[in-house]
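J.: Have a look at this one.
The values are calculated or read from the model by the stated rules, or taken from the named source; none is laboratory data. Just so you know, these numbers come straight off a predicted model, no measurement behind them. Every residue, glycine among them, receives a Cβ derived from its backbone with ideal geometry; neighbour counts consider all protein chains shown.
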C-alpha cells in the first residue's frame with residue numbers, strides 16, 4: 001500500500017498537469033482579468049494549477065463569483081467553515097469585539113475576556129476525567145500523564161495559537177519538555193502541517209525530501225494497525241495521530257484500535273496527542289471525534305472549524321502538563337498573535353452554534369460525552385460494551401442521533417452510482433472513492449463548473465472529499481448530490 005502511495009505521489013504533479021492542460025485549464029495571461037493577473041503576478045503560488053475561482057462574497061454554504069456564479073461549498077474551505085460562511089452569530093460576535101479592542105499584548109499577560117471565556121468553554125466540552133488508576137510510571141517513578149491528576153479537580157488548560165500547524169508545534173515542544181524524551185511516533189499518509197516540526201511528522205517522504213534535514217527520531221506506524229503499536233516505546237515522547245485519518249482518505253479505525261493505542265501509551269509513559277484539527281467542532285457527529293472511542297488524550301489539538309472562518313488554533317492539556325512551560329526556561333512557549341481577541345470571540349460563537357446543532361435530536365441512550373477512558377476497560381471489552389451500548393463483536397460505538405449524522409446518511413443515500421466504489425466517513429467528514437485519479441479529476445472539474453466545489457485528498461487522489469458546512473440543508477444536499485451525479489455521467 002505504501003509503495004503504491006509513494007508511486008502516486010511521485011507521479012502526482014505530471015498526472016495533474018497533463019489532465020489540467022488537456023482540459024484547457026492553463027489560461028493565456030492575455031485573456032486574464034486584472035484580478036487574475038494580480039493573483040498570478042503577486043501572490044505566492046503553491047502549485048501550477050490553483051483553482052483560481054474569483055470569489056466576490058460568501059454566505060451560508062454558497063460562494064459567489066464576480067460574474068454571478070454560485071457555488072455550493074461542499075468542502076467548507078477544507079474543513080474550516082463548519083457553521084457556514086459569515087454565520088450571523090459569528091459576524092455579530094466579531095463586530096461586538098471590534099468595538100472593544102483588538103490586539104493588546106503578547107500572549108498570556110493580560111486578562112482578555114474573549115480568551116478566558118473561550119478557554120472555559122473548550123474545557124467544558126471535554127469528558128469528565130476518570131479517577132487515577134494504578135499502572136506504569138515514567139522514569140523516576142512519576143505517574144504517567146494520563147494517570148496523574150485525574151479526578152483531583154485538575155482541569156485542562158488551553159494554549160491558543162494562530163493555526164493548526166502552530167498547535168502541533170506547541171504540542172511537540174510540550175511533550176518533549178514534560179517527558180524528557182525526544183522521539184515521536186506518527187502515521188504513514190498523515191498530514192499535520194507544513195512547518196518544520198509538523199512536516200517531520202508527515203507520513204510521506206515525497207513532501208519532506210527537499211526540506212531535509214528535519215527533526216530526527218520520528219517513527220511511523222500504520223493508522224489502525226494493532227501490530228504497529230509495539231513501535232511505541234520507552235523512548236517515545238508522544239504519539240501524534242488523527243482520530244480519523246483525514247488526508248489518507250477518511251480512514252475510520254475501530255474502537256479496539258484507539259483503546260489499545262491509549263493503553264500502549266499509558267504503559268510506556270508516552271503522551272497521546274490527538275490531532276482533531278479536521279475532526280473537531282462537530283465535523284464527525286460529536287463535538288470531538290475521540291468521544292466516539294471512549295478514550296481521552298493527554299494533549300488535544302484543534303483549529304480549522306474552530307474559528308468560524310477566522311484564524312485560530314489551540315492545544316489543550318491537563319494543567320500539570322501545561323505548567324512545565326512556566327519555568328526552566330521561563331516563557332517556554334510564547335506567541336504574539338495567538339488567541340487574538342477577535343478570533344476568540346468568533347470561536348466562542350462557533351462553539352455555541354455547533355453545540356446547538358449537536359443537541360438537536362440527541363439520542364437519549366448515548367450521552368454527548370460518552371465517558372472517559374479507564375484502564376481496566378481495555379482488558380474488559382464486555383464491560384465497556386455494556387456501558388457504551390457497544391456491539392461486543394464489532395466493538396463499534398453508536399453515534400448519537402443528530403442533524404449532522406442525518407445529513408451524512410442522506411448524502412450516502414443519494415450518491416449511488418456504479419462508478420462509486422465506496423463511501424467512507426463519520427458525520428460530515430466523508431470520502432467517495434472512484435477507480436482512479438484519472439476518473440475522479442474530470443468529475444471534480446465538471447462539478448465545479450456546474451456549481452459544486454469538491455476536491456481530492458492529499459494521500460488518496462482517487463477519492464472525492466465531501467465535508468460541507470454542518471448547517472447545510474437537506475434541499476442543498478439534494479442539489480449538490482444531483483450535480484455530482486450529473487458530473488459523474490459526463
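J.: Quick check on my filter: what residues within region 439-465 are surrounded by fewer than 23 Cβ atoms within 10 Å (Cβ to Cβ), part of a loop (DSSP other than H, G, I, E, B) and under 19 Å from the mean Cα position of the chain (by Cα)?
T.: Selection gives 458 alone.
J.: Is it the case, given these coordinates, that residue 84 is in contact (Cβ under 8 Å) with a residue 60 or more places away in the chain, touching a strand residue (DSSP E or B) at 6+ places or on another chain (Cβ under 9 Å) and either closer than 15 Å to residue 470 by Cα or surrounded by 13 or more Cβ atoms within 10 Å (Cβ to Cβ) (or both)?
T.: Working: in contact (Cβ under 8 Å) with a residue 60 or more places away in the chain: yes; touching a strand residue (DSSP E or B) at 6+ places or on another chain (Cβ under 9 Å): yes; either closer than 15 Å to residue 470 by Cα or surrounded by 13 or more Cβ atoms within 10 Å (Cβ to Cβ) (or both): yes.
Judged against the criteria, residue 84 is a match.
J.: Something else: Can you list the helices (runs of 4 or more DSSP H) found entirely within region 86-200 that contain at least 3 residues being more than 21 Å from the chain's Cα centre (by Cα), within 27 Å of residue 285 (Cα to Cα) and at pLDDT 95 or above? Explain how you work it out, then say what you get.
T.: Working: elements: 88-98, 113-124, 164-179.
Fully inside region 86-200 and qualifying: 88-98, 113-124.
J.: So if I check each of 322, 316, which one is in a strand (DSSP E or B), over 22 Å from residue 427 (Cα atoms), at pLDDT 95 or above and in the same structural domain as residue 262 (by TED's automatic domain parsing)?
T.: Working: 322 fails: in a strand (DSSP E or B).
Going through 322, 316 in turn, the sole match is 316.
J.: Being touching a residue at least 60 places away in the same chain (Cβ under 8 Å) and crowded, with 17+ Cβ neighbours inside 10 Å is the filter here; which residues of region 421-438 pass it?
T.: 424, 425, 426, 427, 428, 429, 430, 431, 433, 437
J.: When you scan region 64-75, do you find a residue that is closer than 14 Å to residue 340 by Cα, without any contact (Cβ under 8 Å) to a residue 60 or more places away in the chain and either touching a strand residue (DSSP E or B) at 6+ places or on another chain (Cβ under 8 Å) or assigned by TED's automatic domain parsing to the domain that holds residue 287 (or both), even just one?
T.: No.
J.: Could you count how many residues in region 391-438 are over 28 Å from residue 356 (Cβ atoms) and either at pLDDT 95 or above or part of a helix (DSSP H, G or I) (or both)?
T.: Matching residues across region 391-438 total 14.
J.: Give the residue that is farthest from the chain's Cα centre (by Cα), with candidates limited to residues of region 256-284 that are part of a loop (DSSP other than H, G, I, E, B) and farther than 13 Å from residue 306 by Cα.
T.: Looking at the filtered set, the residue picked out is 269.
Residue-by-condition table, conditions (1) assigned by TED's automatic domain parsing to the domain that holds residue 171; (2) more than 18 Å from residue 425 (Cβ to Cβ); (3) assigned to a strand (DSSP E or B):
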{"site": "220", "(1), (2), (3)": "yes, yes, yes"}
{"site": "233", "(1), (2), (3)": "yes, yes, no"}
{"site": "241", "(1), (2), (3)": "yes, no, yes"}
{"site": "292", "(1), (2), (3)": "yes, no, no"}
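J.: Failed condition for residue 208, given (1) touching a strand residue (DSSP E or B) at 6+ places or on another chain (Cβ under 7 Å); (2) without any contact (Cβ under 8 Å) to a residue 60 or more places away in the chain, with all others met?
T.: The failed condition is (1).
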